[in-house]
Amino acid sequence: MPKHPALSVDDRIHQRTRLAIVAVLAGQQRAEFLALREVLGLTDGNLSRHLRVLEDAGFVRLEKAFVDRRPKTWVRLTERGVQAYAAEIETLRRIVAQARVPRPPAGEAVTRAVTEGTPE
């Protein structure tokens, strides 16, 4: 039996926040750190931590400069990051293609599953 495609996800990119970062970056040449923070609703520290994982994997590159005497940081997806994102999307497609949605046995009301376990 072939291995399930979920076993081939790369956790460095698959983690929800990191996947969101890469998805935002995939649509543009680069993004400013503060813009990423705002779009994703993250704190500076949380975004920095996830960017470090992506940078260590070679998926993003950080560029720092001063603009009007203020420090700015831009984040750019690397070629390796583009390839990792494409592989992640393909893996997710394969997972969805194999997905089976469980159906309640014939004659059972769907509401039973919703109300089961609720106090009366």
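No value in this document is a laboratory result; all are computed from the given coordinates. Remember, it's a predicted structure, so these values are computed and weren't measured experimentally. All Cβ positions, even for glycine, are placed from backbone atoms using ideal geometry, and neighbour counts span all protein chains on display.
Quick one: work out Rg over Rh on the C-alpha atoms of the chain, Rh as Kirkwood radius. Each step should come with its number before you reach the end.
Working: Rg = 20.3 Å, Rh = 17.1 Å.
Looking at the chain, the ratio lands at 1.18.
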Dipole of region 9-95 (Lys/Arg Cβ +1, Asp/Glu Cβ -1, origin at the Cα centre): which of VAL67, LEU36, HIS50 lies farthest to the positive side? VAL67
If you fit an axis through the alpha-carbon atoms of helix 79-98 and take the longest principal axis of the Cα set of the chain, what angle between them do you get, 0 to 90°, nearest 10? 10 degrees
Tell me the label-point distance for the pair GLN15, GLN98, using the 7 Å Cα-to-Cβ offset, in nm and rounded to one decimal. 2.5 nm
Whole-Hz ³J(HN,Hα) for each residue in region 30-47, computed from phi via Karplus 6.51 cos²θ - 1.76 cosθ + 1.60 with θ = phi - 60°, x for glycine and proline: what do you get? 7, 9, 6, 3, 5, 5, 4, 4, 5, 4, 9, x, 10, 7, 4, x, 5, 4
How large is ³J(HN,Hα) for each residue in region 60-67, as worked out from phi by the Karplus curve 6.51 cos²θ - 1.76 cosθ + 1.60 (θ = phi - 60°), to whole Hz, x for Gly and Pro? 9, 10, 9, 10, 10, 7, 9, 10
Kindly state, to the nearest 0.05, the FRET efficiency for GLU90 paired with ARG69, given R0 = 41 Å and r defined as their beta-carbon distance. 0.40
As I understand it, the value is the acute angle between the Cα axis of helix 16-26 and the longest principal axis of the Cα atoms of the chain; what does it come to in degrees, rounded to 10? 50 degrees
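Counting only C-alpha contacts under 8 Å and six or more residues apart, can you give the relative contact order of the chain as a whole percent? The partial results should precede the final answer.
On the way: 101 pairs, mean separation 34.9, N = 120.
In percent, rounded to a whole number, it is 29.
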Long-range amide H partners of VAL60, meaning residues 5 or more apart or on another chain whose placed amide H is closer than 5 Å, are GLU55, THR78
